[in-house]
Structures are given as C-alpha cells and as structure tokens.
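Undergrad: One structure, pasted below without further comment.
The values are calculated or read from the model by the stated rules, or taken from the named source; none is laboratory data. What you see is a predicted model, and the numbers here were worked out from it, not measured in a lab. Reconstructed Cβ throughout: ideal geometry from the backbone, glycine too, with neighbour counts over all protein chains shown. For accessibility, only protein heavy atoms count, side chains too; no ligands or nucleic acids. Shrake-Rupley method; radii C 1.70, N 1.55, O 1.52, S 1.80 Å.
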Amino acid sequence: MPPFYDIYGISKSRDKETIELFLNFYCQRELIENFEGKGVEVAIYSNEKYGVKETYIPVNTLSEVIDYGLSRPNLGFAFYIGTKSNYKKDIDGVILKFTFDDKIIFGISIEENGLTDEGQLIDNYDKALEIQKEIQGLTNSTKTCIQFEYAPADDEEEFDSDIKLWQIIKESK
C-alpha cells in the first residue's frame, strides 16, 4: 500500500447533522450504510487515561455506529468507513473519530503521491491542503492538521500535541 496523508479536523459539532453533512460530501451515503452479515464491529480500545477497557460492539449499520457514538459523549473510538468505490471524491479513506472529551474528529486519507494528466508523479500535499479547508468548512472544525500515516487523537489535548509534533517534523524537512 502506498503511504497516505491523513487530514483531520476536530469539531465540537458531535451531532448527527454535521456527521451526515460530512459523509454525504465525501461518500455515496446509501452505499456505506449497511454492514449486515459482514461482521463489522465498533472497536473500543483500552485507554488508561480514561479508564476504558477494550470491548467490541457488533453493528449492522453506519447509523448504529453514529448513534452509539452520539449517545456516549465521553467514549472514544475510531470508525473507518466503507471502501474506496463508495467515495465521491478522489480519496482513499473516510474516518469518524468520536473522542473521549465529547468532540469528533473528521478524517480523510489520500495517497501521498498522485499522477498528473501527463503521467508525472507529484506530491499530493496541495490536495491535502484543499481537503483540510473543506473539512473545516463542512464540520465547523476548530483545529485541523495534515499528518502522515497517523491515527486520529483520543481528545483535543492529544490533537494539540499531534499538531505540534507534525509542525516540528514538517519544519525539519
């Protein structure tokens, strides 16, 4: 698999309307709803900071995932949505991360490199910047960042630390 840029926005808009707006913008919503018979689970990993033990919740629909996250404002988990064929845009991944501090991180992954119409390999960082602005506008994200092959944060404090880390890495290049 090629390396990916992960573009994240953290938002206080942990609500169904904002989530659906984000999903409808990037996905063919009707194609990502049903998981019945596919053995899909919400994976909640242990977290010492928040005293959470690992557990797995079976789900049949994306709506169940969203409702589960919305009904538990202090529980954090990431959910990676659908397959590339179900996305509207030229993207490689869609992520919802419900945080432990009642926020939500909206994420999009794209390949680090892309091809121009002339067949030249180019860095997709400009495309990542464009997506970063889209996420911020769609989701009322208070903070955004572009990372490289990096899982979304568990809370806003960790998100802030991640921003600093990636700024240092980018400046050192």
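Undergrad: If you stretched the chain out fully between L21 and D126, how much longer would it get, using 0.36 nm times the residue separation minus the C-alpha to C-alpha distance?
TA: Details: separation 105, 0.36 × 105 = 37.80 nm, distance 2.33 nm.
Here the answer is 35.5 nm.
Undergrad: Which value in nm describes the separation of the simple spin-label points at Q167 and T61, placed 7 Å from the Cα toward the beta carbon?
TA: 4.3
Undergrad: Let me ask something else. Considering only protein heavy atoms and a 1.4 Å probe, what is the carbon-and-sulfur percentage of the accessible area of the stretch 1-57? It would help to have the intermediate numbers written out before the result.
TA: Details: 1770 of 3370 Å².
Ligands and nucleic acids excluded, carbon and sulfur give 53 percent.
Undergrad: Using only Cα atoms, tell me the angle between helix 16-26 and the longest principal axis of the chain; keep it within 0 to 90° and round to the nearest 10.
TA: 30
Undergrad: Right, something else. Rounded to the nearest 0.05, what FRET efficiency is calculated for N113 and K49 with R0 set to 35 Å and r the Cβ-Cβ distance? Can you show the working numbers first?
TA: On the way: r = 36 Å, r/R0 = 1.02.
According to the calculation, E is roughly 0.50.
Undergrad: Using the Karplus curve 6.51 cos²θ - 1.76 cosθ + 1.60 with θ = phi - 60°, what ³J(HN,Hα) values do you get for each residue of the stretch 31-44, in whole Hz, with x for Gly and Pro?
TA: So the J values, rounded to whole Hz, are 7, 10, 6, 9, 10, 3, x, 9, x, 7, 9, 8, 9, 10.
Undergrad: Next question, about the same structure. Residue farthest toward the positive end of the dipole of the chain, with Cβ of Lys/Arg at +1 and Asp/Glu at -1: which of G93, T61, C145?
TA: My answer, from the dipole projection, is T61.
Undergrad: Please go through the stretch 18-123 and write out the GluC sites (Glu not before Pro) that DSSP classes as loop and that have at most 10 other C-beta atoms within 10 Å. Could the numbers behind the result be given before it?
TA: Details: sites: E20, E30, E33, E36, E41, E48, E54, E64, E111, E112, E118; in loops: E33, E36, E48, E54, E112, E118.
Here the GluC sites (Glu not before Pro) that fit, given the DSSP loop and packing criteria, are E36, E48, E54, E118.
Undergrad: Using volume of the Cα convex hull per residue in Å³ as the read-out, say which of (i) 139; (ii) 126; (iii) 114 was calculated from these coordinates.
TA: (ii)
Undergrad: On to the next question. In Å², and per residue, what accessible area does the chain have when probed at 1.4 Å with the other protein chains present? Could the numbers behind the result be given before it?
TA: Values: 9370 Å² over 173 residues.
On a per-residue basis, the chain sits at 54 Å².
Undergrad: While we're looking at this one, here's another question. Report ³J(HN,Hα) in whole Hz for each residue of the stretch 138-152, in order, from the Karplus equation J = 6.51 cos²θ - 1.76 cosθ + 1.60 where θ = phi - 60°; Gly and Pro get x.
TA: 6, 10, 6, 5, 7, 9, 9, 7, 10, 10, 10, 6, 9, 5, x
Undergrad: Which one, G114, L129, Y50, projects farthest toward the positive side of the charge dipole computed for the chain from Cβ point charges (K/R +1, D/E -1)?
TA: My answer, from the dipole projection, is Y50.
Undergrad: Hey, another quick one. Give K97/K170; K38/K133; K12/K170; K38/K97; K16/K53; K53/K89 a once-over and call out the pairs whose C-alpha atoms are over 32 Å from each other.
TA: K38/K133; K53/K89
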